[in-house]
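A short reminder: the numbers here are calculations on the coordinates, not readings from a lab. Quick caveat: nothing in here was measured; it's all calculated off a predicted structure. Neighbour counts run over all protein chains shown; Cβ positions are idealised from the backbone, glycine included.
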Amino acid sequence: METRYIKITEFCENEKIETSFLLELNREGLLRLEKQEEVEYIDQNDLPQIEMFARWHYELGVNLEGIDAMRHMLERMKEMQRQIQILEKKLQL
């Protein structure tokens with residue numbers, strides 16, 4: 001599967017968010033930007049997560065530390081749900 005990249009300037013213009021927000025996410029390790037010839041790009045596969053982070057930040061006023069904490073909690077919840085499904089399958093045997 002081929003990875004498609006989108007210029008952060010185009011993405012930010014379309015989504016009405018600041019490029020500095022994506023650069024800050026990158027600096028904090030919450031997003032990985034690709035840089036080619038002094039132009040920065042985002043992986044198309046990261047769009048749902050970026051849109052979620054942008055909603056948290058712009059609509060709810062969550063800062064970068066809060067975004068990181070919420071992301072971590074969501075990951076833990078998904079892992080717990082996966083473990084519950086495994087245990088439920090074992091109980092059905």
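The table for this structure:
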item: Set L33, L25: member being of a type in the set (A, V, I, L, M), in contact with an Asp or Glu (Cβ under 6 Å, 6 or more places away or on another chain) and buried (at least 16 other Cβ atoms within 10 Å of the Cβ); result: L33
item: Residue selected from segment 1-22 under the condition aromatic (F, W, Y) and more than 21 Å from R71 (Cα to Cα), by the criterion surrounded by the most Cβ atoms within 10 Å (Cβ to Cβ); result: F11
item: I17 being in a loop (DSSP other than H, G, I, E, B) and at negative phi; result: yes
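Residues checked against (1) touching a Leu at 6+ places or on another chain (Cβ under 7 Å); (2) surrounded by 12 or more Cβ atoms within 10 Å (Cβ to Cβ); (3) part of a helix (DSSP H, G or I):
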{"position": "I42", "(1), (2), (3)": "yes, yes, no"}
{"position": "Q49", "(1), (2), (3)": "no, yes, yes"}
{"position": "W56", "(1), (2), (3)": "no, yes, yes"}
{"position": "E65", "(1), (2), (3)": "no, no, yes"}
{"position": "M77", "(1), (2), (3)": "no, no, yes"}
